[in-house]
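The values are calculated or read from the model by the stated rules, or taken from the named source; none is laboratory data. Please read all numbers here as calculations on a predicted model, not as lab measurements. Every residue, glycine as well, gets a Cβ built from its backbone with ideal geometry; the counts of neighbours run over all protein chains shown. Only protein heavy atoms, including side chains, enter the accessible area calculation; ligands, DNA and RNA are left aside. Shrake-Rupley method; radii C 1.70, N 1.55, O 1.52, S 1.80 Å.
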Amino acid sequence: MTTDTAARASGSILVVGGGISGLTTTLEAAEVGYEVFLVEKNPYLGGRVSQLNQYFPKLCPPTCGLEINFRRIKDNPGIKTFTLAEVVKVSGGPGDYDVEIKLNPRYVNENCTCCGECAKACQIEVDNDFNFGMDKTKGAFLPHEMAMPARYMISPKIIGTEDAKRCLEACKYDAVDLEMEPRTINLKVGAIVWATGWEPYDATKIDNLGFGQYDNIITNMMLERLAAPNGPTKGQIVRPSDNTAPESVAFVQCAGSRDENHLPYCSYICCMASLKHACYIREQYPDAKIYIFYIDLRAPGDRYEKFYKKVKEDENVFFIKGKVAEVSADASGDITVTAENAVTGEKVSQTVSMAVLATGMQPSAALNKLPADLKYTDDGFIINDYAAGGMFACGCAAQPADVVSSNQNATGMALKAIQTLVKR
């Protein structure tokens, strides 16, 4: 491992996380004249939004919001981005932080033109993490077609193989560098904004709901990828077991949420996501029937309430108030969802082609604590200490939120970071 030392920059801001919150914080601070370092652990910017088919409030595709942000980042000389990067250590205090960042190897350098010859030469396939492992990708790959930076990478899993050599030989631009090693850089910043986002709750931990046991039980984020034109099925929502059109789909709300054994809180947007998913399915399959099992349906705000009312008018969408107790499968792959109807008190069972678990948001920091002096809730959300200043959390690092709320919050945290610098 080699070490580079970056120039010590006075009055600069570090943003950790390149999802929608991190992008907003970065741009808001940079476009009023501050130098911003943006650090992202993935090989691309865009975070969870880049994995969506459509997002609220306008139900537009990720390209709608991310494309313009990527252009603004490229056009701003005050922004320096680091992908495949992670913060290792933070020392110092408000106005004067020393930050050590580890840069992991991409095995492809800036010469890459995205010609794709390395992928053509590669024979080994690896799980496609962008699609939650629902398909495979070549060991040399572009994370997705809208990836920023627009540069291929070589999976560490094929380094040292004949395939890696094939990638090297196929590249006409000297872009493949199999000798890349991890290295560290050191930054001097005045403020830090943690936009570390969220992870879908691990549905395999919810034993009674069958995820990982039956092929035709998927999560809400997996459905989002199935519906996306750049997803594993090119936008066609099909049963994983046999790739057939589902005649009926059940949604299990609060899968692991509002449950003291899993996530005790409401993740804010899951109900709306399932209503959106119901629309995806009904648009593709006019005769499909949708069953939504819920504890309480939460549609925060006037716009969401109107969306809920619109979905309720669909005669093929059925709402069942009751917590799901069990999900099982038969030999054909059909799924049976069993719950107690909270209105009638009766035990109800519904057999469907497939089931979707509306799993909640778990803050990334709950799974991997950050290397800084931060305070957390019991659930892993970062608590902002405005009195101390210097370091702030935004978006889903601080609380469950939708894109609109995350952007509003990120703008506020950009201002808090600037205020820290102004006080120096």
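Among all residue pairs at least 6 apart or on different chains, which show Cβ distances below 7 Å where the first residue, located in the stretch 137-163, is more than 24 Å from Gly46 (Cα to Cα) and open to solvent by 20 Å² or more (accessible area, probe 1.4 Å) and the second is of a type in the set (Ser, Thr, Tyr) and part of a loop (DSSP other than H, G, I, E, B)?
Filtered contacts from the stretch 137-163: Ile159/Tyr107.
May I ask you to list the residues in the stretch 106-139 that are assigned to a strand (DSSP E or B) and more than 22 Å from the chain's Cα centre (by Cα)? Full working, then the answer.
Going residue by residue through the stretch 106-139, those that are assigned to a strand (DSSP E or B) are 108, 125-127, 136-138.
Residues satisfying the conditions are Val108, Glu125.
Quick one: would you say Ala372 is surrounded by 23 or more Cβ atoms within 10 Å (Cβ to Cβ) and over 30 Å from Gln54 (Cβ atoms)? Reasoning before the result, please.
Values: surrounded by 23 or more Cβ atoms within 10 Å (Cβ to Cβ): no; over 30 Å from Gln54 (Cβ atoms): yes.
Here the answer is no, as Ala372 does not meet what is asked.
Output the number of the condition that Gln362 fails; it satisfies all remaining conditions of (1) surrounded by 20 or more Cβ atoms within 10 Å (Cβ to Cβ); (2) in a helix (DSSP H, G or I).
Every listed condition holds for Gln362 apart from (2).
Out of the stretch 299-328, which residues are open to solvent by 40 Å² or more (accessible area, probe 1.4 Å) and of a type in the set (Gly, Ala, Ser)?
Across the stretch 299-328, the qualifying residues are Gly301, Ala325.
Name the one entry in Asp98, Asp129 that is touching a strand residue (DSSP E or B) at 6+ places or on another chain (Cβ under 9 Å), open to solvent by 30 Å² or more (accessible area, probe 1.4 Å) and under 30 Å from Lys276 (Cβ atoms).
Asp129 is the lone residue from the list that is touching a strand residue (DSSP E or B) at 6+ places or on another chain (Cβ under 9 Å), open to solvent by 30 Å² or more (accessible area, probe 1.4 Å) and under 30 Å from Lys276 (Cβ atoms).
Can you tell me which residue is least open to solvent (accessible area, probe 1.4 Å) among those in the stretch 378-393 that are closer than 14 Å to Thr420 by Cβ and part of a loop (DSSP other than H, G, I, E, B)?
Across the stretch 378-393, the extreme among qualifying residues is Gly390.
Would a scan of the stretch 102-125 turn up a residue that is touching a residue at least 24 places away in the same chain (Cβ under 8 Å) and farther than 22 Å from Ala175 by Cβ? Please lay out each step first, then the result.
At the first step, the residues of the stretch 102-125 found to be touching a residue at least 24 places away in the same chain (Cβ under 8 Å) are 102-124.
Retained after the next criterion (residues that are farther than 22 Å from Ala175 by Cβ): 102.
Yes.
Just name the residue that is farthest from Gly65 (Cα to Cα) out of those in the stretch 400-424 that are open to solvent by less than 30 Å² (accessible area, probe 1.4 Å) and among the β-branched types (Val, Ile, Thr).
My answer is Thr420.
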